[in-house]
Protein chains: 2
Amino acid sequence: MTAIIDGKATAAAIKAEIAEKVAARKAAGLKVPHLAAILVGHDGGSETYVASKVKACEECGFKSSLIRFESTDEAPLDPAVLMAEIARLNADDDVDGFIVQLPLPRHIDEQAVIEAIDPAKDVDGFHPVNVGRQSVGLPCFHSATPAGIVELLRRYNISPAGRRVVIVGRSNIVGKPLAAMLMQKGEGADATVTVCHSHTPELARVTRQADILVAAMGRPGFITADMVSEGAVVIDVGTTRVPDATRKSGFRLRGDVDYENVAPKCAAITPVPGGVGPMTIVSLMLNTLQAAQNRD
Amino acid sequence: MTAIIDGKATAAAIKAEIAEKVAARKAAGLKVPHLAAILVGHDGGSETYVASKVKACEECGFKSSLIRFESTDEAPLDPAVLMAEIARLNADDDVDGFIVQLPLPRHIDEQAVIEAIDPAKDVDGFHPVNVGRQSVGLPCFHSATPAGIVELLRRYNISPAGRRVVIVGRSNIVGKPLAAMLMQKGEGADATVTVCHSHTPELARVTRQADILVAAMGRPGFITADMVSEGAVVIDVGTTRVPDATRKSGFRLRGDVDYENVAPKCAAITPVPGGVGPMTIVSLMLNTLQAAQNRD
């Protein structure tokens with residue numbers, strides 16, 4: 001029997017725990033955590049993600065602010081306007097943490113935007129100070145998706161310690177920070193981590209060595225049954241929109257794992273949707289709560 | 001035949017190249033790079049390292065400054081004095097880069113010291129801003145030992161691209177930053193990287209998968225012939241002082257690799273001493289030159 005790792009239920013449980021803590025904060029006369037999000041333009045995925053974040057804030061009892069800037073090819077947003085808003089949020093004592101939803105329109109330098117955010121309010125964990133502190137194992141805001149995966153493993157009593165973890169995909173928001181987290185010393189880590197990518201020859205030979213296999217390259221259905229060992233734990237980070245005429249939206253989300261054929265071989269697997277996705281948003285909520293606590 | 005990777009000769013060649021660049025800078029009316037080093041107390045290893053760095057500065061035509069603070073159990077250095085000196089060096093326009101030689105006496109918070117250094121002068125590459133920028137693949141000061149290894153491979157035309165690199169040891173100054181460098185996209189990287197450590201079961205099974213094996217755990221002679229595949233490239237980062245009555249100093253340096261038995265199996269191997277060690281110092285020189293160029 002394959003255990004289905006239910007990220008949706010786990011995320012709901014964590015949000016309920018956060019809401020309790022927020023209620024306790026209120027009762028103690030402490031401020032309610034406040035997350036702000038900046039959204040530039042009208043990227044479809046970004047609209048959905050930001051809406052989910054605002055909803056999660058409500059569920060957690062947080063205050064949330066959504067700041068929208070229009071930007072089109074004809075009337076591109078002046079990057080200076082965005083930078084001024086970031087400076088304002090850095091200085092705003094009521095805001096505990098904030099994010100700038102990525103991707104940004106091409107004419108804006110994303111890295112400059114990330115580095116303009118006060119690391120103490122950088123609840124996405126993308127600022128080099130947080131990335132660097134994570135790498136050396138110091139307290140920091142962990143990037144949301146890797147932190148969500150680590151928490152999911154923890155809640156399902158799947159210890160990575162002494163296990164071989166193979167991560168396919170070396171992005172700055174998933175593969176690299178997850179590798180950094182899982183190779184640290186201590187509980188919830190201590191794994192032997194391998195990072196694979198487009199330049200890895202004989203990929204299936206490497207992925208078959210995984211006790212815990214993480215698929216994070218954004219190629220729907222790429223991980224097939226022959227690439228997975230019997231009894232492995234499979235974490236699917238992929239969330240690609242594929243056309244689906246049977247859906248009202250016209251698309252559905254598909255993971256990087258050929259779920260139907262891979263799942264029967266696994267000890268445990270995350271579905272898409274309802275696996276890693278909800279945990280990513282919950283990590284952002286946990287970071288925001290932490291940011292508020294840091295400022296008490 | 002096993003190729004001996006001669007770090008000493010390579011380092012000498014690079015220092016000569018740097019010296020030429022410094023001469024050209026002088027001729028162009030630009031300032032001579034200036035590296036300052038702070039040494040606290042009288043740790044034997046630290047004295048040796050700092051002396052080597054001062055000597056390397058001379059060979060490169062750099063200006064160097066050595067700032068010493070006494071610290072004993074009876075009269076420990078006030079950390080505030082050290083912090084004030086760091087602030088002075090941050091502000092000193094003549095100093096392009098500086099290092100605080102580690103380890104520091106136990107009563108001083110090393111991480112606080114590291115974070116007090118201006119990232120733009122942090123030529124050891126230990127500040128979280130540099131660690132984080134390295135992790136995401138942005139220009140930064142790379143930590144010296146990993147940068148020295150990458151440069152050594154490059155000069156010996158050993159491309160890590162598409163090769164399996166296994167790093168044994170997950171320290172913040174070697175294992176982790178080397179993994180970060182070698183898993184990046186682009187030339188001199190693109191490797192499939194695995195990081196092993198004390199919690200890795202069946203270590204020999206993992207190390208035998210290495211096309212390039214990096215030993216960086218500080219356990220003399222730990223990597224034995226049965227742990228290495230025929231034809232592998234072996235990089236030995238270990239430099240442990242072991243007692244040796246036949247030496248005037250009373251000790252000799254020993255690597256993490258059982259060189260005598262491992263070398264015959266290898267395509268190429270670094271000796272200890274004369275392998276990675278000299279390249280570490282040369283990386284610091286390259287970072288200092290870069291720091292000076294950044295400030296032109």
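Summary of computed values
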| read-out | value |
| --- | --- |
| Of residues in the stretch B:222-247 being within 19 Å of the chain's Cα centre (by Cα) and outside any strand (DSSP E or B), the one surrounded by the most Cβ atoms within 10 Å (Cβ to Cβ) | B:V237 |
| Scope the stretch A:248-268; condition in a loop (DSSP other than H, G, I, E, B) and surrounded by fewer than 17 Cβ atoms within 10 Å (Cβ to Cβ); matching residues | A:K248, A:S249, A:G250, A:A267 |
| Filter pass, B:D118 being of a type in the set (D, E) and touching a His at 6+ places or on another chain (Cβ under 6 Å) | no |
| Only listed residue being within 14 Å of chain B (Cβ to nearest Cβ) and on the phi > 0 side of the Ramachandran plot, chosen from A:G231, A:G188, A:G274, A:G221 | A:G188 |
| Residue within the stretch B:81-89 that is assigned to a helix (DSSP H, G or I), at pLDDT 95 or above and more than 20 Å from B:D124 (Cα to Cα) present | yes |
| Residue that is farthest from the other protein chains (Cβ to nearest Cβ), among those in the stretch B:157-180 that are surrounded by fewer than 22 Cβ atoms within 10 Å (Cβ to Cβ) and hydrophobic (A, V, I, L, M, F, W, C) | B:I158 |
| Answer from B:A51, B:A9, B:A24 - the residue that is without any contact (Cβ under 8 Å) to a residue 12 or more places away in the chain, hydrophobic (A, V, I, L, M, F, W, C), part of a helix (DSSP H, G or I) and in the same structural domain as B:S65 (by TED's automatic domain parsing) | B:A51 |
| Filter result for A:E151 (over 18 Å from the mean Cα position of the chain (by Cα) and away from chain B (no Cβ under 11 Å)) | no |
| Condition check for A:S71: at pLDDT below 95 and either buried (at least 17 other Cβ atoms within 10 Å of the Cβ) or polar (S, T, N, Q) (or both) | no |
| Check on B:V123, farther than 22 Å from B:D211 by Cβ, within 14 Å of chain A (Cβ to nearest Cβ) and in contact with a strand residue (DSSP E or B) (Cβ under 9 Å, 6 or more places away or on another chain) | no |
| Residue that is nearest to the other protein chains (Cβ to nearest Cβ) [pool: residues in the stretch B:191-204 that are small (G, A, S) and surrounded by fewer than 17 Cβ atoms within 10 Å (Cβ to Cβ)] | B:S198 |
| Subset of the stretch B:97-120 [within 14 Å of chain A (Cβ to nearest Cβ) and more than 17 Å from the chain's Cα centre (by Cα)] | B:D109, B:E110, B:Q111, B:A112, B:V113, B:E115, B:A116, B:I117, B:D118, B:P119, B:A120 |
| Near pairs, Cβ below 6 angstrom, 6+ apart or cross-chain, from the stretch B:228-247 (farther than 22 Å from B:P146 by Cβ and in the same structural domain as B:V174 (by TED's automatic domain parsing)) to any residue that is of a type in the set (K, R) and buried (at least 19 other Cβ atoms within 10 Å of the Cβ) | B:V242/B:R254 |
| Which numbered condition A:S71 misses (of (1) touching a strand residue (DSSP E or B) at 6+ places or on another chain (Cβ under 8 Å); (2) small (G, A, S); (3) not in a loop (DSSP other than H, G, I, E, B)) | (3) |
| Checklist (1) among the small types (G, A, S); (2) surrounded by fewer than 24 Cβ atoms within 10 Å (Cβ to Cβ); (3) over 15 Å from the mean Cα position of the chain (by Cα) applied to A:S135, failing item | (2) |
| Condition met for A:T207 (of a type in the set (S, T, N, Q), in contact with a helix residue (DSSP H, G or I) (Cβ under 9 Å, 6 or more places away or on another chain) and within 10 Å of chain B (Cβ to nearest Cβ)) | no |
| Contacts under 9 angstrom Cβ, first residue in the stretch B:100-121 being within 15 Å of B:F69 (Cβ to Cβ) and not assigned by TED's automatic domain parsing to the domain that holds B:S171, partner hydroxyl-bearing (S, T, Y) and assigned to a loop (DSSP other than H, G, I, E, B), 6 or more apart | B:L104/B:S71; B:P105/B:S71; B:P105/B:T72; B:H107/B:S71; B:I108/B:S71 |
| A:Q134, sole failed condition from (1) more than 14 Å from chain B (Cβ to nearest Cβ); (2) at pLDDT 95 or above | (1) |
| Residue satisfying all of: in the stretch B:173-221; at pLDDT 95 or above and of a type in the set (D, E, K, R); nearest to the chain's Cα centre (by Cα) among these | B:K176 |
| Check on B:E58, farther than 19 Å from B:V100 by Cβ and either surrounded by 16 or more Cβ atoms within 10 Å (Cβ to Cβ) or more than 17 Å from the chain's Cα centre (by Cα) (or both) | yes |
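The values are calculated or read from the model by the stated rules, or taken from the named source; none is laboratory data. Bear in mind that the values here come from a model prediction, so they are computed numbers and not experimental data. Glycine gets a Cβ as well: all are built from the backbone with ideal geometry, and neighbour counts include every protein chain shown.
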